[in-house]
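Here, each number is a calculation from the coordinates, and none is a lab measurement. Bear in mind that the values here come from a model prediction, so they are computed numbers and not experimental data. Cβ atoms come from the backbone with ideal geometry, glycine included; neighbour counts cover every protein chain shown.
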Amino acid sequence: MRHYLVLRVIAKLLIPFMMVFALYVQFHGDYGPGGGFQAGVIAAASVVLYAIIFGLPTTRKVIPDWLVETMLAAGVLLYATVGLVGILLGGNYLDYFVLGTPPAHGQERGIFWVEMGVGITVFGVMLKIFYMFAGRGREADTE
Amino acid sequence: MAFAVVAIAVQRNLFAVVILSGIYSFLMATVLVALDAVDVAMTEASVGAGISTVLLLGALYLCGGEEAKPMWRVGLPLLLAVVTGGVLVYGTLGLPAFSDPEAPIHQHVAKRYIEEGERETGVPNIVTAVLASYRGYDTLGETMVVFTAGVGVIALLRRRRRPRGEGK
């Protein structure tokens, strides 16, 4: 669909704002609505829009498969690591109170990293599923 | 919404069904906003109407856009659906009235979350506080589920395309 001038220009205008909105939802989730899950989906949606307009091969160059797959696992690991850090600092698993002083500050810190993990995993999974579905009909996977 | 549901059930063209379910998701999101569940509405709008519509269209591209004529009669499934729906509606009669502050669910831990949540976690958004802090294990489990879904899709779809006729 890259021949449609209007679509191309509008997409180029929209995608940065979608990305910024995703980051806003991610980092402002403590204060307003949203959080890691929504942010991951919105970020993935912006990439999907890019893929629909500019084609899948171009998108795969921008965000290669290995990066997506790494993110897919990295988010869960990040989440689990936050829990382990809690143990190392003398608390229970996923205990955020020990992450900072005063304890409420540690809570904020823990929630931030946990949401980060959720966001990364959701972004990776959504994008990976889209890649798999969209790439399937075109050519046999070369891996 | 009722119109969208009936249209989804009647429609044979799957492209129209996908678009209608996207519309349904957007309507659902507005309902959730009206219920003051902004976080859920956001999820519904982005996942239900956004990503899943795209994924369904992608699946449609792979398997064709017309639903086959059903080989069975509609009588028994319809009866089953109506009976199940009736039982569920009957079940709701026993629930406390909507937004009743004396309902049992508001007497248990919800009170603590609302009254102490901001002081204990320093996060004004109660949804985030409950999700990431009080219910941290659950959210870890959910993230694992999402991860597993992704891995499952990779495991199922990443293989060389077989010759036609062999099946999937």
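Remarks
- Against chain A, whose longest principal axis is taken from its Cα atoms, helix A:5-27 shows a tilt of about 10°.
- Partner chain coverage, peptide B:40-50 - average Cβ within 10 angstrom: 5
- Whole-number percent relative contact order across the stretch B:9-105, with pairs defined as alpha carbons under 8 Å at least 6 apart: 29 percent
- Debye-formula intensities of chain A, expressed as log10 I(q)/I(0) at q = 0.09, 0.12, 0.13, 0.20 Å⁻¹, are -0.35, -0.58, -0.65, -1.14 (one equal scatterer per alpha-carbon, no solvent).
- Under the span-like rule (Cα at least 18 Å along the axis, Kyte-Doolittle mean at least 1.0), DSSP H helices of chain B: B:14-34, B:75-92, B:136-157
- Between the Cα long axis of helix A:103-136 and the first principal axis of chain A there is an angle of about 20°, rounded to the nearest 10.
- Sequence-separation-based contact order of chain B, relative, with Cα cut under 8 Å and 6+ spacing, percent: 13 percent
- Chain A, relative contact order in percent, only Cα pairs under 8 angstrom and at least six apart counted: 27 percent
- Descending semi-axes in Å of chain B, equivalent ellipsoid built from Cα gyration tensor: 37, 26, 16
- Comparing B:Tyr61, B:Tyr113, B:Tyr134 in a Gaussian network model of chain B where C-alpha atoms under 10 Å apart are linked, the largest mean-square fluctuation is found at B:Tyr61.
- Between helix A:65-88 and chain A: long-axis angle, C-alpha atoms, 0 to 90°, nearest 10: 10 degrees
- Sum of -39500 (n - 2.57) over DSSP H runs of 4+, divided by residues of chain A (222 nm, nearest 500): -26000 deg cm²/dmol
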